[in-house]
Amino acid sequence: SHIDGHLMAYAAGVLPRDLGTQPFDCPPLNALHTYRVAKAALRGMNAWMHGGPPLPSMPPIRTTAALLVQRDAYGFTLGGVQQPDYGVPVAKNGQLALTNPLSGSGNFFFCTIAGYTQPLSTAEIQARYSSDADYVSRVRAAAQAAVQAGYMVPGDDALTAQEAQQQRLPLP
């Protein structure tokens with residue numbers, strides 16, 4: 001998606017102040033923390049422009065010959081940057097909210113590009129994770145791998161793990 005909850009929270013504060021308008025009332029936005037990937041990209045680009053190494057190469061999103069996105073058995077995209085909360089999911093997050101109803105926002109385009117979040121069912125979560133500790137451990141490992149790969153900055157891995165610890169999942 002083009003917008004995440006972090007950007008919408010910011011917009012909620014500045015739109016009324018700067019433009020006298022309210023933020024758009026869209027269905028649940030894509031909850032992935034895309035700003036963390038953007039922060040790492042900007043930091044890496046700045047370092048590269050000042051003589052540092054080029055940004056790391058990421059695997060492309062896998063597509064078919066007809067350029068359709070390839071997905072795993074659960075509907076998750078294969079390839080591309082796998083953020084910890086996408087690679088260790090508790091929800092499906094998408095880039096286009098084509099099927100979600102608008103909440104009276106009056107702006108189909110904006111809400112469409114804002115993406116969506118759909119929580120996984122209790123059965124899906126319990127099939128993936130044996131306990132809260134199992135879930136948090138996987139998120140922590142994925143976040144540390146993201147920092148190592150260069151698409152998250154140091155410190156965001158700890159924040160990501162802390163957010164995972166705060167999740168209240170329907171697990172035994």
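The values are calculated or read from the model by the stated rules, or taken from the named source; none is laboratory data. If you're wondering where the values come from, they're calculated on a predicted model, not measured in any experiment. Methodologically, a virtual Cβ is constructed for each residue, glycine included, from the backbone with ideal geometry; neighbour enumeration extends over all protein chains shown. Side chains included, ligands, DNA and RNA excluded: accessible areas come from the protein's heavy atoms. Shrake-Rupley method; radii C 1.70, N 1.55, O 1.52, S 1.80 Å.
Okay, here's what the table says:
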| read-out | value |
| --- | --- |
| Scan of the range 128-142 for residues that are outside any helix (DSSP H, G or I) and within 17 Å of the chain's Cα centre (by Cα), ordered by number | none |
| Single residue of the range 150-164 satisfying the filter (out of contact with any Lys or Arg (no Cβ under 9 Å at 6 or more places or on another chain) and surrounded by 15 or more Cβ atoms within 10 Å (Cβ to Cβ)) that is farthest from Ala47 (Cα to Cα) | Glu163 |
| Which numbered condition Gln118 fails, given (1) assigned to a helix (DSSP H, G or I); (2) touching a strand residue (DSSP E or B) at 6+ places or on another chain (Cβ under 8 Å) | (1) |
| Top-ranked residue in the range 21-72 [being among the basic types (Lys, Arg) and assigned to a helix (DSSP H, G or I); ranked as most open to solvent (accessible area, probe 1.4 Å)] | Arg43 |
